[in-house]
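The values are calculated or read from the model by the stated rules, or taken from the named source; none is laboratory data. Everything numeric in this text was worked out from a predicted model, so none of it was measured. In this analysis, Cβ positions are derived from the backbone assuming ideal geometry, glycine residues included, and neighbour counts consider all displayed protein chains.
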Amino acid sequence: MSKKSSIVLLIFLVMGLSGGLVALHPESPGSPAAYAAAAQESVTAKEAPASTWSAPDQVAALERAMETVPFVDTVKDECKLCRQMRLREMGLGTKDITHNYFVINNPIINKVEDHYGPVRFMHSKHAAQVKDCAVCHHYRPLAEDASETTRCSACHQDAFRPDHPERIGLKAAYHQQCMECHREMNQGPVDCIGCHDKNAPDHKDKIQLTANATPFQVTAECLRCHKDAGQDMLQTAHWRLRGPSPYTLDHRKEVEIGKSTIATNNF
Ligand code: HEC
Ligand code: HEC
Ligand code: HEC
Ligand code: HEC
Ligand code: HEC
């Protein structure tokens, strides 16, 4: 996520949380001195996650991500090109896509490590770009009635399976396939934050505010830990925007607008 969007999010959260979280900690001390004294835990802006974009079907996608599928033991033995040709002859194409969008957050991987939130994957957009289902759906189960586009996690599960040493684990399968293609095509992210959002901690236990905190106190509370985000905010147009604008026709008067003036919302 860019600094700017992280800041905008921060502002919205401040506005929301000032109503919500306050009630959760009615007994906490809320004096400005307490905030200042507690200013130890600092968070740097460069650690900000890649994106907070959210699809309309995000909730369904997240639920889907948690599903596990039965392990597929044997795969159909066919060469890469044979499979590509066969799928093309079958007419398998974008009309066979059941989900435009996936979030990938597999329990098989997350039982070993879970440093990040779900990875978003624009399935239809990829299929349209790549044009060939077999590039990613590179094998199919042997069973006749099985789907040609079985989930990766049906065949790739734990790393180093003794019964299937030829198959890499699920995390490696994603990393290798996703990143290798991005590198080859020189498109799509290869850096970690291009795909990964950090798991932001639950703030319920972090915020210490009295029941009737003022907006200024809420901001001060966030700044206790998010000092850099606060500084970044002061560099944005949202903060610095103030009239008059020499570029706007008929708008050359001394108009004092923007948060750095006496405008509303100037917490
Ligand atoms: C092209 C996208 C992509 C890129 C780039 C990428 N990853 Fe991943 N990564 C994934 C996917 C997909 C998963 C599987 C997510 C899941 O199931 O939780 C994953 C899983 C992981 C996991 C295990 C799951 C977790 O939440 O801890 C770690 C750790 C990880 N990646 C680290 C990295 C690091 C470090 C980099 C940079 C060197 C990186 N990744 C780059 C796509 C990517
Ligand atoms: C860039 C790689 C890529 C391409 C190209 C691609 N897919 Fe996928 N597809 C995936 C990934 C990743 C998943 C999610 C698998 C998972 O959850 O483990 C998936 C899932 C699916 C699923 C759901 C499987 C299930 O059982 O839930 C279907 C159906 C599917 N793809 C069809 C297609 C079709 C048809 C095409 C070609 C028009 C295609 N895909 C092209 C990567 C791709
Ligand atoms: C029906 C089973 C099956 C499915 C589904 C499957 N794979 Fe594989 N995959 C295999 C097998 C088997 C190998 C080992 C190939 C070999 O022997 O070299 C493999 C190997 C790989 C490799 C290693 C390099 C290579 O291409 O051989 C990557 C990367 C990989 N799979 C990624 C994926 C991803 C990502 C998905 C989901 C889009 C997926 N696989 C779905 C069976 C499967
Ligand atoms: C066969 C090639 C290929 C594979 C495999 C592939 N990608 Fe991509 N990816 C692309 C291309 C091409 C783009 C650029 C598309 C664009 O921006 O129009 C892209 C763009 C992206 C983007 C940024 C743009 C967007 O749509 O959000 C993300 C995130 C991404 N890929 C994630 C993944 C993940 C996660 C996987 C593995 C599950 C993956 N990709 C596998 C080719 C691939
Ligand atoms: C006691 C310390 C603490 C307080 C107080 C706190 N945070 Fe956080 N916050 C964290 C930590 C630690 C992270 C995770 C590290 C990261 O993501 O950079 C985080 C992450 C976040 C994130 C997501 C990551 C990012 O960088 O964008 C947002 C948004 C956020 N906090 C908003 C707020 C808001 C709004 C407030 C005030 C109502 C607040 N925080 C108060 C410690 C705190």
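Some values worked out for this structure:
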| read-out | value |
| --- | --- |
| Qualifying residue in the stretch 169-188 (condition: under 30 Å from C136 (Cβ atoms), assigned by TED's automatic domain parsing to the domain that holds V75, away from ligand 2 (no atom under 14 Å from the Cβ) and within 23 Å of the chain's Cα centre (by Cα)) | yes |
| Flag for L142 being of a type in the set (A, V, I, L, M), in the same structural domain as H126 (by TED's automatic domain parsing), at pLDDT 95 or above and away from ligand 2 (no atom under 16 Å from the Cβ) | yes |
| Tally, over the stretch 195-216, of residues that are assigned to a helix (DSSP H, G or I), out of contact with any Pro (no Cβ under 7 Å at 6 or more places or on another chain) and surrounded by 14 or more Cβ atoms within 10 Å (Cβ to Cβ) | 0 |
| Contacts under 8 angstrom Cβ, first residue in the stretch 172-184 being more than 17 Å from V103 (Cα to Cα) and in contact (Cβ under 8 Å) with a residue 40 or more places away in the chain, partner more than 9 Å from ligand 1 (Cβ to nearest atom) and assigned to a helix (DSSP H, G or I), 6 or more apart | C181/V130; C181/V135 |
| Every residue from the stretch 148-167 that is near ligand 3 (Cβ under 9 Å from one of its atoms) and out of contact with any helix residue (DSSP H, G or I) (no Cβ under 7 Å at 6 or more places or on another chain) | T150, R151, A154, C155, H164, E166 |
| Check on F71, without any contact (Cβ under 8 Å) to a residue 60 or more places away in the chain and within 12 Å of ligand 3 (Cβ to nearest atom) | no |
| Search result, residues across the stretch 117-154 that are more than 18 Å from Y174 (Cβ to Cβ) and away from ligand 4 (no atom under 11 Å from the Cβ) | R140, P141, L142, A143, E144, D145, A146, S147, E148 |
| Candidates T98, T94 - the one that is loosely packed, with under 13 Cβ neighbours inside 10 Å, hydroxyl-bearing (S, T, Y), in the same structural domain as M185 (by TED's automatic domain parsing) and over 19 Å from E67 (Cβ atoms) | T94 |
| Among the residues listed as A134, A128, the single one being part of a helix (DSSP H, G or I) and in contact with a Lys or Arg (Cβ under 7 Å, 6 or more places away or on another chain) | A134 |
| Test: A143 is in contact with a Pro (Cβ under 8 Å, 6 or more places away or on another chain), more than 13 Å from ligand 5 (Cβ to nearest atom), in a loop (DSSP other than H, G, I, E, B) and of a type in the set (A, V, I, L, M) | no |
